[in-house]
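Visitor: Have a look at this one.
The values are calculated or read from the model by the stated rules, or taken from the named source; none is laboratory data. Since the structure is predicted, the reported quantities are computational estimates derived from the model, not experimental observations. All Cβ positions, glycine included, derive from the backbone under ideal geometry; neighbour counts span all protein chains shown. Surface accessibility is based on the protein's heavy atoms, side chains included, excluding ligands, DNA and RNA. Shrake-Rupley method; radii C 1.70, N 1.55, O 1.52, S 1.80 Å.
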Amino acid sequence: DVSAKIIQAVDRGTKVVLLALGSHLPTPVLEQALTYAESHGVLVVAAAGNRNVHVNLFPAANPRAIAVNTCGRR
């Protein structure tokens, strides 16, 4: 469902996709949707995870996405 919505958003002219979800393993269908978005000049921003660890979850770990981590050290 997420992949289909990314493609739909790209086809409708969106410029930025924000993903607040994560998995430890990449999903081929989601990876294809991110490639599709990138090929159309769409910026993909994804949550890196909220566990204060230094490993990004997917899709944030995908090189086509900008990973955002809000659990930084102070």
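Visitor: With a point put 7 Å past each Cα toward its Cβ, work out how far Leu18 is from Val45 in nm, to one decimal.
Guide: Here the answer is 0.6 nm between the modelled labels.
Visitor: Can you list the residues, at least 5 places off or on another chain, whose amide H is less than 5 Å from the amide H of Val44, using H built in the peptide plane?
Guide: When sequence neighbours closer than 5 places are left aside, the close amide H contacts are Val17, Ile66.
Visitor: Related question: Per residue, how much accessible area does the chain have with a 1.4 Å probe, in Å²?
Guide: It amounts to 69 Å² per residue over the chain.
Visitor: I would also like to ask the following. How many percent of DSSP beta bridges within the chain run antiparallel, rounded to 5?
Guide: Counting only bridges with both partners in the chain, antiparallel ones make up about 10 percent.
Visitor: Going by amide H atoms built from the backbone, whose H comes under 5 Å of the H on Asn69, apart from near neighbours?
Guide: Ala48
Visitor: Each residue of the range 40-48 in turn: what ³J(HN,Hα) in whole Hz from Karplus with 6.51, -1.76, 1.60 and θ = phi - 60°, glycine and Pro shown as x?
Guide: Result, rounded to whole Hz: 9, x, 8, 7, 10, 10, 9, 5, 7.
Visitor: Go ahead and run the numbers for FRET between Asn69 and Ala4, Cβ-Cβ distance against an R0 of 30 Å, rounding to 0.05.
Guide: About 0.65, to the nearest 0.05.
Visitor: Among Gly13, Gly49, Gly22, which one shows the biggest mean-square fluctuation in a GNM of the chain, springs joining Cα atoms closer than 10 Å?
Guide: Most flexible of the set in this elastic network: Gly13.
Visitor: For the chain, with all protein chains present and a 1.4 Å probe, just round the carbon and sulfur fraction of the accessible area to a whole percent.
Guide: Carbon with sulfur: 56 percent of the solvent-accessible area.
Visitor: Taking every pair of distinct Cα atoms and averaging 1/r, then inverting, what Kirkwood hydrodynamic radius in Å comes out for the chain?
Guide: 12.4 Å
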